[in-house]
1. Provide a single number: the residues in the stretch 75-98 that are among the hydroxyl-bearing types (Ser, Thr, Tyr) and open to solvent by 100 Å² or more (accessible area, probe 1.4 Å).
2. Test of understanding: among 15, 49, 41, which residue is part of a helix (DSSP H, G or I) and not small (Gly, Ala, Ser)?
3. Any residue that is of a type in the set (Gly, Ala, Ser), touching a residue at least 12 places away in the same chain (Cβ under 8 Å), in contact with a strand residue (DSSP E or B) (Cβ under 8 Å, 6 or more places away or on another chain) and open to solvent by less than 20 Å² (accessible area, probe 1.4 Å) - is there at least one of those in the stretch 60-74?
4. Among the numbered conditions (1) part of a loop (DSSP other than H, G, I, E, B); (2) open to solvent by less than 80 Å² (accessible area, probe 1.4 Å); (3) of a type in the set (Gly, Ala, Ser), tell me where residue 25 comes up short.
5. Quick one: residue 59 ticks every box in (1) touching a Ser or Thr at 6+ places or on another chain (Cβ under 8 Å); (2) in a loop (DSSP other than H, G, I, E, B) except a single one, so which number is it?
6. Return the residues of the stretch 28-45 that are among the small types (Gly, Ala, Ser) and open to solvent by 90 Å² or more (accessible area, probe 1.4 Å); say none if nothing qualifies.
7. What pairs come out if I take residues in the stretch 3-15 that are closer than 14 Å to residue 36 by Cα and pair them with residues that are open to solvent by 60 Å² or more (accessible area, probe 1.4 Å) whose C-beta lies under 8 Å away, six or more apart or interchain?
8. Could you please find all residues in the stretch 10-22 being open to solvent by 60 Å² or more (accessible area, probe 1.4 Å) and either aliphatic (A, V, I, L, M) or modelled with pLDDT under 95 (or both)?
Amino acid sequence: MMDSRVEKAARNNAVWCDTVCHVHAAPGEFRDALWFNGHQVPRFYPNVVTLTQAGAAAQLESIHALVAAGLPDNWGVKDSFGSLDLTALGFQPLFEAT
């Protein structure tokens, strides 16, 4: 089971992303397993932040929806737990950290 501190940190980061996006008139939405933003977000901010290691199917479904929506280039996913394989969708890791 994932340490709840890690999940709290991921949620805190998503709250920050949502706040910044809201100020830039591009608010996102919280779902069970992720924070999601279907708008063009400020530079260096993701469109998806995973909130839990569980729920990969729902996370991937939301990411597929963004791919299908045809957002402008340079949108991203912050996989807070490093557990999603997004290479088939054309993503590559920018960096990994602990």
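The values are calculated or read from the model by the stated rules, or taken from the named source; none is laboratory data. For clarity, every value in this text was computed on a predicted model and none was experimentally measured. Virtual Cβ from ideal backbone geometry, glycine too; neighbours counted across all protein chains shown. In case anyone asks, the SASA skips ligands and DNA or RNA and just uses the protein heavy atoms, side chains included. Shrake-Rupley method; radii C 1.70, N 1.55, O 1.52, S 1.80 Å.
1. 1
2. 15
3. Within the stretch 60-74, one or more residues are of a type in the set (Gly, Ala, Ser), touching a residue at least 12 places away in the same chain (Cβ under 8 Å), in contact with a strand residue (DSSP E or B) (Cβ under 8 Å, 6 or more places away or on another chain) and open to solvent by less than 20 Å² (accessible area, probe 1.4 Å).
4. Failing condition for residue 25: (2).
5. With (1) touching a Ser or Thr at 6+ places or on another chain (Cβ under 8 Å); (2) in a loop (DSSP other than H, G, I, E, B) applied to residue 59, the lone miss is (2).
6. Scanning the stretch 28-45 gives no hits.
7. Taking only residues 6 or more apart or on different chains, the pairs are 13/78; 14/30.
8. Answer for the stretch 10-22, where residues must be open to solvent by 60 Å² or more (accessible area, probe 1.4 Å) and either aliphatic (A, V, I, L, M) or modelled with pLDDT under 95 (or both): just 15.
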